Structures are given as structure tokens and as C-alpha cells.
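Here the structure comes first, spelled out in C-alpha cells, and everything after it is commentary.
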Amino acid sequence: MRVQAIDHVALLPLYLAAGTAALALFSGRFAKACMMIGLSAAAIAAVGVAAGPDRATFAVGPWHSYVADDAAMGAAALFAGLSVLVAAVSGRQPGEYWFLLAISAAGGITLAGARDLITLIVALETLTVPLYVLVTKPGRDGAEAGVTFLIASIASSATALMGAAFLYAAAGTVHLAGLATGLGSADPALTAAGAALLLGGFAFKLAAAPLHAWAPLVLERAPLPIATYLASASKLGGAIAIIWVVYFGLAADAGASTGTVVAALSVASIVIGNLGALVQRRTVPLLAWSGIAHAGYVLAPLAVVATAVGRDDAAEAASAALAYAVFFVLLEAGAFAALTAVRPETRASLADVERHTPLAGLQSGGPQGSDLKASAENATVHVSGVGEGGAIGELAGLWRSAPLPASVFLFSVIGLAGLPPALAGTFAKVVILEVLASSAVWLAVIVAAGAVLGLAYYLPLARTVLIGRGPATAKGRFAIALAAIGLALLAVTLAPQLVLDFTAVSR
Amino acid sequence: VELMLLVAVAVPFFGAVLVWAWRDKAFAHWIGVGAAGLSLAAVALLPIGRGDGNWVSTGGHLSGGWWHQLEYEWAPAIHLDFALAVDGISWPLAVLTALLGLLCCLHNALGAEGRISSAPLQVPAATVATGGPSLAADDVSGVPGESATGVPGGVAGAGGAGEGAAPGEPGSAGASGAALGVSGSVAGAGSARPSALLTALLLAVQFASTLVFFADNLILFFVAFEAVLLPMWAIIHRYGDPAARRHAAAKFALFTVGGSLVMATGLFVAVADTGTADLGAIIVGGGVSQGASLLVFTLLAIGFAVKAPLWPLHSWLPDAHTAAPTVGSVLLAGVLLKLGTYGLIRVAGGLAPQGAADAAPVLAVLAALGILVAGLVCLSLPELKRLIAYSSVGHMGFVVLAFASGTEAGIRAALFGNLAHGLITPLLFFLAGALKARTHTGLLGSLGGLRLAAPQLAGLLGFAALASLGLPGLAGFWGEAFTVYAATERGGAWLALAAAAAFGAFLAAAYLLRMLRRVSHGPVAPATDGISDTSTVELVVWAPLVAGTLLLGLMPGPLLDLFGEGLL
């Protein structure tokens, strides 16, 4: 058997990201700079590869395991870019932090190109595993977040693997292209069970119902930069995994069952997310719950593959879902980055806590202070509640004290509500409604109803930032990072075609 | 001249941005007036060089039916083009929008509500409540440098009152609301001018509305339709009546977004069915296919019925109108409601003529019920602005009924009634605002004797009320008379609807005359005692509306001809 040639150009973004991770581990105090430069290079390389012809490698017969087409490379560039943004709003952190973040980004880049179930699941795990460490701040709350995330993640991985096993049993292959042709003669019950388990497991990453409950809890307790990553890059990973599996693998021969599963996930997410968000009084949980609803909107266009008309337009449905996911994660990244910039840094970094620990031990009169004591000491620093995000009321008057973060935050929130002048959100809604209107009007009406409910919590949030009367002491940080994400949002608002071009997926 | 389309749309937008950027400067108001004036001039120039209204197909591209059109590609993947066009149906509405925008900006810039001297009884009370000196005397001169935001304390005009409403404190909302109630009423009399921010928001509404009327692309239409929402929400929420504005603003936003998303679904079904989002091309092509027609029309009609508003989806309107500041009410009545009826007639009727014909009976019955309900409710309403707001529901009922009849006369009656309402009701709201600024009350029970206290104001109020109830010779007459005529023309069960509409017109006469009797006649009430009559500034702002009402009433012909050559 001949050893096949590997297309190293197609893998260039991945090489760069992985190399960056390795470099960051050993470069000490320059780790942050290394990581940001390396991932920026990976993003540029991805754009460069996308500009050339479509590439594919690791072939088994006509099926490829890794494809570097426009959609994959656009998503890869977005993963790298979002990781750089998260790094830029992270402040001082120890070297491992940058290593883990870069590994996660490398997982995302692999995920974007993955075209078989094993690569997809391994990539998704590579994206997720570093986050087990990153979400865990020292102390009780951090441990709670870490354990919750770990358990939910492992449960969903097991579910997804079981689903993948079923599909392999049904079709005899794990290549998505193989599933597309091999499921026609398979046992429909086995296929349906496999699709349901696989998609249900992936839905965890996207924080779609029914595996959504970790999101508000973990996002609230994680450090804000990591919450930014979880809400943007990590969710993009979940969305891409589902879109790839549905479009490249399941739509053709298992459309009916897949569509039904996706429709159920979508409707449940829209209902649960919006109702959950309505009662939130704290900023991060509100964004987290509304993110669950948005996960439902991402899935909604994919549900049209349940119908014959929809299967003919599966490419448009997948493109719409991907486009919505991209607009959505950009807006989420904007909102969370702005929030990170204006919230006081309580003990975001491991290094800080290590520095503080002896002091805490001294003050509490005990021996060398444990992490638990340190957290008890630092807990008094918190204004209220557990998370760094704080209550919505604490954002009052932000518009006057920190105009740049406030305007990015406002733009993102209004965009998430889908209203002009933040047209990025409006276009996202237009994209999915256009697909739904042609083959699933009932789902379009549910999406519309969800968006109306969304207004009921987004508008008060925007109002608080804009005209609330508060202490208004918050000073913005990370001005360059915020300007960058703000400009990115402005760019996709004025020229949505930028996003729509690369999200147009095709086989 | 094509570029005039772009100018008419772009100038209010950049005006809004500039006014916002220089909101603390005294000349910000005049930038707003300039932008609105420029926009009106641009719109007024549009009939120059217009085509004859006949469509010609050149190279597979239809043209000629629009007076002018221009088109830039924006995001072809979602069928979005920046395509503008104008014809005999959208032009009068654009003129109305630009005119009302200009008048509202003038109203702000001249501080029309700030210059009047209020009833003597009220000034000391308000001064004591706020602990400051009476500002009324200082500001009558209207010194340009003395902007409202410079005044310290809780009296800092509408802008200060808006900032006072700290959200997220439900416990203190009641108390602060009560305190603001006082300072809010002082703001009307005490400060010379409202914040320039209000002017910026007005221009933003004007920009988005003009874009809706000119949009020749369904996606652009939807985006513009949505863009109206936030500025209007902000106007109601920040500058509205302190007691009711939060509730009213939230209700307005939720109703409107719900309606516009349902409408959007309908638009996208139409786009998917025809494969294009070019409004003109779809209308000329006869609309969507037979099977989708009723679905498209139902979705669109529900969306537009919220905006219009059609009974029973009207309940946001009285709250929003009552809570909104005068200029907000004027734009709501004169422009925003027109978006609904324009959409219903042009877009819903144009995209799905078959569905419109099928759904016409339902629409007509709802419209007739709306006319009757509005008339009966108005008979018992105790508050002036709320009464005018509810009367809008009745007037819009006439428009929808005329549209539903589907006849040539009916469509023209609908368009004419639409435009007439856009002149008369804003005038009524200006007058009600002036009256409330003087007397600090809108309750019919505590008003009276305006005829003696302020004869000019009473005269204008009488004129506007008579126009609104459809006195022949004034603008309100033609639309309503021809509505009844068009419904009668259909015969059969439509006769009953015609009778209901006629009875509704009678009810309108009854409640408007009741309103006049309570406000203008009778002995002078304490609230109206000693108030000043109309100022020159107010007369300048109101004159175009009065003139327009007379002109349309006496010479309806040219406008009806204009509608006739429009694209439907």
C-alpha cells in the first residue's frame, strides 16, 4: 500500500496553531505575545488558504477526512481570531493559560476542516478539554464550575460517541460523505437513534437544550475572558460540528429523523432559553440563557431537512445556520469582551491568587492559607453574588463612564435582539427566516415569537447601560481589543456579504 | 434627479448623526431643522422628470413605472439590494413624512412648548416642589445659549427627567415617578427647549420611515421597518409622560417587533416563492403564486395590522400616544401608522392580490368593528390625547375597509384617507400638546371655556375637530365618504359594513363635538383661566397642516390622479 501524500498547505493553519501552543508552553513571560502572534498568523494562513483553490487531504477512496474549503478556512480564521480576542482581554496570566487557550484554538481549527466522525469528535474534545482547567478558578465557585463543566462535557461526549457508533454500525463508515450515501439501506431505527444521540451530544457544546443547564452556571462562575471564549469560539465549535454532521452526513439519507431531532432541539432551546433569560437579574446569566435561545435559532434552519423540499435546499439551510452562528458568536464575543473590560478584576488570574495567598493566610491567622481561605478572603472583594459579571444594575450609567466598552456592549446587545442599527443581528435573523419561510413557516413563527420575547430582556439591559443612573465608576480596559471587535462588528454590519460569502457551504 | 432619492433618505440620517454629535451645542437644533428642510426640498423635487407610469421592458429589466429608481448591490446572498424607487403612491407619503419631520424639528428648535406662559396657579406650586426659582420668566426670551440641559436640579428639561428613571429599582419607581411627575410638568413650561437628542431621534425616525416608503426591495423594506422601532421607543421612553412612559414604550416595542417579524416571515415566503426581492418586479408580475397567496397575505396583513393599527391589535396605540411627547405623537400618528397602511396597500396587496381578495371579508369586518369600537370608546374617554389616539383607530379602520373593498374607488379612498389622517391628526396632537403645556391637564372634566380664554387656540381646535369628523370641504371628508361609497358599490353584505362605517362617522361627529363642548365651551375652568393664546411660533408650525387640510379638502383631484398612476 502506497503512503499517500499529505497536503501540508491545507494543514498550515493547524500547524501554526499547534506550534504556537507548544511555543507558548516554553516561552515564559513572552507566552502571551507568542500566542497572539502565532494565532494571528494561523488566521492569516487560513484566509490565504481559503483564497486559493479548495484543498482536501487524508483521503480514503473519494472521501476526505480533512477539507480546507472556504467555509472551513473561514471558520478556522474565526476560531483563531476569537482566541486572539480572548487573549487580548485576559490580562496577566501564567504560561499554561496561553498554552491551553492555543490548544483549544487548534482544536477549533481541526474541527472546521474535519469531515469524518472520529476527527470531528477528537477535534471537539481538543477544543473542550483545555477548558476544564481554564473555567476553574481557585475556590468553591470555581470548583463548582469546573466540576459541572467536566461532568456535562463527559456525559455529552459519551452520548456523541455512542451515536457515532450507531451510525458506524448502520452505514459501515465514519466518513460524513460515506454516511451521505451509505445510510439509505440502513435500519432506520438505528440511524435515527444514532443521529439523535450524536446531535444531542454535540448540542452540549452549543448549549442547546436539553444539555444546556451547564451554560449559565459555568459562564457565571468562570473568569470573564474564559466566559467570552465559551460563549463565542466554543459555541461556534458546537454549531459547526452539528452543521457539518447534518449537512455533509445525515441530510441526504436520514433527513427525516435528523430534521425531527434538530427541530425538537431548536424549539426546546428557543422556549427554554428565552423563558430562562426573562427572569435573570445578573448580566452573565442573562446572556447565557439568551445564548441558549440563540443556539435554537442556529439549529432552526437545519430542521428543514426533515421535509423533501428542505432537503433540496439543504445547502442553503446549512449556509444559513453557519451564517447565523458566525453573526451570533461575533455579537456574543462583543458583549462578553465589553463586559470583561468594564468589570473589576477580582481574582481572574491564577497568578494573582498565588500572590495573595500568603497575605490571606497571614490575615486569617492560620498557617499557610489554602485556596479555600484565599477565596473566602477574596470573596469580600465581590460586589455581590458569585460571578464577575455582576448584576445588571451595576452596569447603570456605563455609557457615561466608559463610552467605548458601553457602545460595543450596546451594539452587541441590540444586535442580539436583532434590531437596526445593529444590522449584523438583523441580517442574521433575515438569513434564517428566509430559509424557514420557504419550507417551515411554523418554525419561522416560533423564531419570530422567540425574538419578541428576547426584546423583553434585551431592551431593559440596553436601557440600563444607556440611561441608568448609577455610580458609573467603571473604567474601560483593553481599548485596542474592544476597538478591534467593534470594528469587526461594524464591518459585518455594513458589508454582510463578507460573512455570507464564506459561510456558503457546498459539498 | 435620481440622486434626489438618495439625498431625501441620507440627509435625515446624517442630520441625526450630526445633531447627536453636537447635542450640547445651541445650534444643534438648527442643524436638525436644516436637515429636515433639505430633505423636504429633495422630496419636493422628485416629480421633476417623472415617467408616465407605464412599464417598459428593456433587456429583461422593467422600468418606467417608477418615477425614478436607483439600485446598489448590498448583500445578494440574502436578496438584499439598496434599491430605492418612488411613484405616485409613495411620493405623497414621503412629502408628508418630510413635512412632519420639519415641523417637529422646528417645534423643538423654537421651543414652542417652552415659550408659553402657563396658568398662574400652576407656577408657584411647581416651583416649590422642585425647590428652584421660577424659570419661566428667564426662558421666555429663548436665548440660544440657554439649553435645557444646562439647568441644574430636577428641572433640567425632558432630558434630565429621562435620566432620572433609573431602571432596576422597582421599589423606588413609584416614588421617583411621582417626583418626576412634577418636574416633568415643569419641563414643559420651565425650560426653553427640549434636548437636542430628541431632534436627533426624530430625524432617525424620519430617515427610517422615508426609507420604508422608498424601498424597492423587500429585505430593505423589512430592515427599514425595523429601524423605525428603536428611535421611536427611545422617544417615548425618554421624553414621554413620566407616569406611563415605561409601560407604554415596552408595549409599543413588543407589539411592533412581533408584528414586523410576522410581516418578515410573509415577505420571505414571497421571496422564496418568486425568487426575487424586487418589489416592483413582483407586483408587475402579478404577485406570488396562487398557492402561497393567502398565506403571504395573512402573514403580511397581521404584521401591518399591528402597525396600522387594526382592531383588535390596536391596544398599544392609545398607551403609546398618550405617553409620548407632542412631537412623538405627531410622528406616530402622521408617519408610523402610515407605514402600516402603506405596507398593507402596496406590499401586502401588491404581493398577494389573490390572497387580498380572499381575505377581504375578514379584513373588512375587523375594520368595521374597529370603527364602531373606536367610536364608542371615544364617547366615554376622559382624556384629550387618549381620545385623539383612539380616534386614529377609527380613521385607520376606514382606510382598511376602503382597501378591503378592492374597487378602484376604494383603493383611492384608502390612500386619500390615509394622507388626510396624516395631516389632521398631527394637527390635533400639536393642539392637544399646546393645550396640555398651558393647563397641565388633559382631562376633559377639568378643561372648559377655552373659547373665552384663548380664542385662536379654540378656533384651531374646532377646525381640526371638524376636519377630523369629515366635514365636506376639508381633507377628512373625501376619504371617508368614498369608503362608504366603495363598500356600498360591492353590494350584498358589504351594505351592512357600509352602514356600520357610516354610523361610525356619525359616532366620530358625536365624540368630537362632545370634546369641543367640554374644552371650548362652557364657563372658564380654573385650569384654563389666564392661559395665553397661540404664539406666532406655534402658528408658523401649524400653518402648513391647516393649509394642507384645506387644500386637500377643496382640491382632491390632483392627488387622486397621482394615486391613479401609482403602481399597485
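The values are calculated or read from the model by the stated rules, or taken from the named source; none is laboratory data. In this text, all values refer to a predicted model and were calculated from it rather than measured experimentally. Using ideal geometry, Cβ is built from the backbone for each residue, glycine included, and neighbour counts are taken over all protein chains shown. Surface areas here come from the heavy atoms of the whole protein model, side chains and all, with no ligands, DNA or RNA. Shrake-Rupley method; radii C 1.70, N 1.55, O 1.52, S 1.80 Å.
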Practice prompt. Calculate, axis by axis, the spread of Cα positions in the stretch B:409-539 along the three principal axes, and write the results as whole Å, longest axis first.
Written response: 55, 28, 21
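Could you state how much accessible area is buried at the B-A interface, both sides summed, with a 1.4 Å probe, in Å² to the nearest 100?
Chain pair B/A: roughly 3100 Å² of buried accessible area.
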Worksheet item: Which stretch or stretches of the stretch B:20-41 have amide N atoms under 18 Å from the point lying 7 Å from A:Leu494's Cα along the Cα→Cβ direction?
Response: B:21
Worksheet item: Pulled fully out, how much extra length does the chain show between A:Ala51 and A:Ala213, if you take 0.36 nm times their separation in residues and subtract their Cα-Cα distance?
Response: 54.4 nm
Practice prompt. Before rounding to the nearest 500, sum -39500 (n - 2.57) across all DSSP H runs of length at least 4 in the protein assembly as shown and divide by the residue total; then give [θ] at 222 nm in deg cm²/dmol.
Written response: -23000 deg cm²/dmol
Fill in: Length added when fully stretched, A:Ile151-A:Thr260, from 0.36 nm per residue minus Cα-Cα
36.5 nm
Response to the item:
Given unit charges at Cβ for Lys, Arg (+) and Asp, Glu (-), the dipole magnitude of the stretch B:277-395 about its Cα centre in debye, nearest 20, is 180 debye
Worksheet, complete the sentence: Largest-first semi-axes in Å of the equivalent ellipsoid built from the Cα gyration tensor of the stretch A:179-299 are 30, 14, 10
Practice prompt. Please quote Rg/Rh for the stretch B:259-312 to two decimal places, taking the Kirkwood radius as Rh and restricting both calculations to Cα atoms.
Written response: 1.00
Worksheet item: Any idea how far apart B:Phe14 and A:Ala143 come out in nm if each label point goes 7 Å out from Cα toward Cβ?
Response: 6.3 nm
Discussion item. Which order do you get for B:Ser289, B:Ser195 if you rank them by accessible area with a 1.4 Å probe, largest at the top?
Written reply: B:Ser289, B:Ser195
Worksheet item: Regarding the protein assembly as shown, what is the average projected area of its C-alpha convex hull, in nm²?
Response: 44.9 nm²
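Starting from the Kirkwood Rh over alpha-carbon pairs, what translational D in µm² s⁻¹ does the stretch A:85-201 have by Stokes-Einstein at 37 °C and 0.692 mPa s? Display every interim value, and only then the final one.
Details: Rh = 15.8 Å.
It comes out at roughly 207 µm²/s.
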Fill in: Shielding score for A:458-464, defined as the mean number of other chain Cβ atoms within 10 Å
5
Item to complete: Note the per residue figure in Å³ for the convex hull of the C-alpha positions in the stretch A:132-206.
Response: 83 Å³
Practice prompt. Treating each Cα of the stretch A:271-318 as an identical point scatterer and ignoring solvent, apply the Debye formula and state log10 I(q)/I(0) at q = 0.18 Å⁻¹.
Written response: -0.58
Discussion item. To the nearest 20 Debye, how big is the dipole of the stretch A:73-231 about its Cα centre, given +1 on the beta carbon of each Lys and Arg and -1 on that of each Asp and Glu?
Written reply: 240 debye
Practice prompt. Using per-residue counts of other Cβ atoms within 10 Å, averaged over each peptide, order A:111-120, A:236-245 from highest down.
Written response: A:236-245, A:111-120
Item to complete: Report the percentage of all Cα-Cα pairs in the stretch B:453-493 whose separation exceeds 11 Å, rounded to a whole percent.
Response: 67 percent
Fill in: Förster radius 51 Å - calculated FRET efficiency between B:Arg50 and A:Trp442 (Cβ-Cβ, nearest 0.05)
0.70
Worksheet entry | Calculated over chain A: convex hull of Cα atoms, volume per residue (Å³) | 135 Å³
Discussion item. If packing is taken as the average number of other Cβ atoms within 10 Å across a peptide's residues, how do A:448-455, A:482-489, B:552-559 rank, most packed first?
Written reply: A:448-455, A:482-489, B:552-559
Worksheet, complete the sentence: Simple spin-label estimate for A:Leu487/A:Ala315, 7 Å along Cα→Cβ, in nm, reads 3.5 nm
Discussion item. Please compute, for peptide B:41-50, the average count of beta-carbon atoms on other protein chains lying within 10 Å of each residue's beta-carbon.
Written reply: 0
Worksheet item: Arranged from highest to lowest average of other beta-carbon atoms within 10 Å per residue, in what order do the peptides A:329-335, B:32-38 appear?
Response: A:329-335, B:32-38
Discussion item. Can you compute the FRET efficiency between A:Phe30 and A:Glu96 using 1/(1 + (r/R0)^6), with r the Cβ-Cβ distance and R0 = 22 Å? Round to the nearest 0.05.
Written reply: 0.95
Discussion item. How large is the accessible surface of B:Ser520 in square angstrom, using a 1.4 angstrom probe and rounding to the nearest 10?
Written reply: 10 Å²
Worksheet item: What is the extension gain from B:Glu489 to B:Arg517, computed as 0.36 nm multiplied by their sequence separation minus the C-alpha to C-alpha distance, in nm to one decimal?
Response: 6.5 nm
Response to the item:
Sorted largest first, the C-alpha extents of the stretch B:322-380 along its principal axes in whole angstrom are 40, 25, 12
Item to complete: Compute the signed sum of charges (Lys and Arg +1, Asp and Glu -1) over the other residues within less than 14 Å, Cβ to Cβ, of B:Gly406.
Response: -1
Worksheet item: Just the accessible area for A:Tyr97, please: 1.4 Å probe, Å², rounded to the nearest 10?
Response: 20 Å²
Worksheet item: Counting only other chains, what is the mean number of Cβ atoms within 10 angstrom of the Cβ of each residue in peptide B:258-264?
Response: 6
Worksheet item: In square angstrom, what is the accessible area per residue of the protein assembly as shown with a 1.4 angstrom probe?
Response: 33 Å²
